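Accompanying notes for the structure given below.
The values are calculated or read from the model by the stated rules, or taken from the named source; none is laboratory data. The structure presented is a predicted model; accordingly, all values stated were derived computationally and were not measured. Neighbour counts are summed over all protein chains in view; Cβ atoms, including those assigned to glycine, are modelled from backbone coordinates with ideal geometry.
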Amino acid sequence: MDAAYDSGITFLDTADIYNNGNSELAISKILKAHPDHFFVTTKIGRGLNPHTAEGYNKESVVRFTDGCLSRLGVEKLDLVLLHCPPTSVYQKDEVFDALENLKTAGKIAHYGVSIEKVSEGIAAMEYDISAMEVIFNMFRQKPIEELFPIAQKKDVGIIARVPLASGLLTGKFTKDTVFSKKRPSFLQPQRGSL
């Protein structure tokens, strides 16, 4: 966090479930040291077990928001996003009404959604969202076609999710990179032969 501050970074993106809430607790420390420097986006909802549309309701939205406020140690959250909920949640008035009520109550400044599909973003923009987070990088360009023009017309901010394609665009992989067969993921490359 200190290195982020020293580098001039002002935007932090986290979620209530990242490292079981410890991500927000870590961010709270830098917010205390530099209270007006960072804009923090946090996400809520993925902690539901089971993660179903029925779990998204007024009570859970308020509970998750209060948890974020407590862990981040702030009186008002800059931006709260629904964290890739089931598709039908993007049409649940109760959920967006709860977010709007939290905004009116001064607990959040802005709210929005983190989406998996373009159609979810379009549905969410029927509500008064301020921003949405969407996978966008040089491999995933679909949002340009339909989503971004609508967001621009409605003045909805875009947060690029997975902008470096989970590491593929960082330059750390070469033609000699060998990927582990145990975990089929490019997140943990191993050099040389297995």
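What the table shows:
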quantity: Some residue of segment 149-156 being modelled with pLDDT of 95 or more, surrounded by 15 or more Cβ atoms within 10 Å (Cβ to Cβ) and assigned to a loop (DSSP other than H, G, I, E, B); calculated: yes
quantity: Test for Y127: is it crowded, with 22+ Cβ neighbours inside 10 Å and either touching a strand residue (DSSP E or B) at 6+ places or on another chain (Cβ under 9 Å) or modelled with pLDDT of 95 or more (or both); calculated: no
quantity: Which listed residue, of L25, L31, is over 23 Å from V134 (Cα atoms), hydrophobic (A, V, I, L, M, F, W, C), in contact with a Phe, Trp or Tyr (Cβ under 7 Å, 6 or more places away or on another chain) and assigned to a helix (DSSP H, G or I); calculated: L31
quantity: Condition check for N20: at positive phi and either modelled with pLDDT of 95 or more or within 17 Å of the chain's Cα centre (by Cα) (or both); calculated: yes
quantity: Failed item in (1) farther than 27 Å from V162 by Cα; (2) of a type in the set (D, E, K, R); (3) touching a residue at least 40 places away in the same chain (Cβ under 8 Å), with R71 passing the rest; calculated: (1)
quantity: Qualifying position, being touching a Phe, Trp or Tyr at 6+ places or on another chain (Cβ under 9 Å), acidic (D, E), under 13 Å from R161 (Cβ atoms) and free of Cβ contacts under 8 Å to residues at least 60 places away in the same chain, among E126, E116, E100, E120; calculated: E120
quantity: Selection within segment 17-56 - in contact with a strand residue (DSSP E or B) (Cβ under 7 Å, 6 or more places away or on another chain), touching a residue at least 60 places away in the same chain (Cβ under 8 Å) and either of a type outside the set (S, T, N, Q) or surrounded by fewer than 19 Cβ atoms within 10 Å (Cβ to Cβ) (or both); calculated: K43
